[in-house]
């Protein structure tokens, strides 16, 4: 939750079409009185005789070298009462989500909550936001990561703030090695991995609801990450307009935050990427450059340099950064032997708040918050009683608490796409048949909209117009089925119109489709699980292809049915260029399949 914003800022967010972008952390600010102490005009904590503050707050500025520029960083230092050179404490470093700053509800809550618990806390406005300088560079490790490393120098006592302030009360593992962890979400999550890739002094990370591969996040292709994906136009343009609209959000900008008239506040490559995606044309040379840039500022390109123990927290309701993003980071780190744990909470960028979700102002009141506290106690305080927790935990809307496991369930049970539109558990039950859909010039399916809540309107229920999609539905379930993980579908389609143009040299000519899973209740009511879809730009329509659907943690109750749908379009994404009819053929010896990762139960 964030503080109220002036009317001009709300207007800009309306144009951007993403209130959620201006409040990217789905984490509550501290409740009134949760963290005692208030600020004076100078920013220091006000101490009263009746209620001494458990910490003091000192505003600081730093000039750091990041990339090819000197950047100013606006920060607040929270010093717990009783912490000094003879009684040092470990430190927590944090920064804001996209569009925020050091004083927004989530970032400020981190400083207060951890200082109250005895940690030295340094929270700062990320480069290009609040009163910090320099361009928005999308958490580039060589820019945003290096800036964070300079703040670690300050916590080590080896450099001073611009006003000469130094600290000598942070616990150290060496002369220039402070005991420090990082926590934060979304844009403030990826920067932790970027910082850890260039500074191995970081001792613990807690990235929340962030990305693995920004190229895939903004233009996902669930079938082939080397083929340009399907543009997620609402989210991407929301980010872009908030970034370019900084004069309305933060008047009197530092001159170092101005680029050129053609790209005001981002690094040039970021503007070029958004413009290419909006153009609807993806020639090989341009898309190769776009993918290279987006991946260079993403963990996918530098995770092999990250060694800090990492607790990943991702939201089930998140069409921006899906659970698949955290899973990719989790598996990559664990494969290298980095101590890693992962939690799937309910809340993400798309909402989905559930009772007992993480409140950074009072982390001890939630499962995820207690896991974060234990993670820092283990790695920063070196408390032998603080365990790492289970390897994997997931929010269960159908039961109290979180489910846990030693590993993610792998896709196991295989279902088959029958020619009569049924989803069956044996090839022998597949009937022969061929069915066709045709896309329209405008989107004919809807999953979710990031604009609806912004203008006070409900988001329409997901829908698929007749003739523009194909579906396969299971028989009613005899017992509950718990789906935990990312289902996979193997498909083969027939589309002569797409085949004729797919080798044109422009990836925009390739066939686009959307795969998704519904939950069908006994009364016929359909629910698109977490409103998530898997966008696909088919690499080659003459060959079978495998689609990784969005990961979920969802129970199908007894009597409900699974429905797998392939649709021609979606309102949240760009679609096909031209009309491309699609036929899907089924036969017992050759048909599409759907593989389900099950944590309990079985279909059929």
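Each reported figure results from applying straightforward, stated rules to the coordinates on display, with no laboratory input. Every value quoted in this text rests on a predicted model; they were computed, and no experiment measured them. Here the Cβ is made from the backbone with ideal geometry for all residues, glycine too, and neighbour counts use every protein chain on show.
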Relative contact order for the stretch 413-600 using alpha-carbon pairs under 8 Å, separation at least 6, rounded to a whole percent? 38 percent
Ranked by how many other beta carbons lie within 10 Å on average, peptides 570-576, 526-532, 116-122, 395-401 from highest: 116-122, 570-576, 526-532, 395-401
With a ≥ b ≥ c from the Cα gyration tensor eigenvalues, square-rooted, and the rule rounded for a/c under 1.5, otherwise prolate when a/b > b/c and oblate otherwise, the stretch 413-600 is oblate
Helix 233-244 versus the longest principal axis of the chain: what is the Cα-based angle in degrees, 0 to 90, to the nearest 10? 30 degrees
Longest principal axis of the chain (C-alpha) makes with the long axis of helix 105-116 (C-alpha) an angle, in degrees to the nearest 10, of 50 degrees
So if I take the centroid of the Cα atoms in the stretch 71-90 and the same for the stretch 498-530, what is the distance between those two points in Å? 51 Å
Helix 284-296 against the longest principal axis of the chain: what's the angle in degrees, Cα atoms only, rounded to the nearest 10? 40 degrees
In whole Å, what are the Cα extents of the stretch 364-479 along the three principal axes, biggest one first? 62, 48, 24
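Regarding the stretch 128-286, what is the average projected area of its C-alpha convex hull, in nm²? Let's see the in-between values first.
On the way: hull surface 45.5 nm².
Computing the convex hull of the Cα atoms and averaging its projections yields 11.4 nm².
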Convex hull per residue volume in Å³, alpha carbons only, for the chain: 153 Å³
So if I take the centroid of the Cα atoms in the stretch 539-604 and the same for the stretch 301-327, what is the distance between those two points in Å? 24 Å
Taking only DSSP H segments of four or more residues, each worth -39500 (n - 2.57), what value at 222 nm results for the chain once the sum is divided by all its residues, to the nearest 500 deg cm²/dmol? -6000 deg cm²/dmol
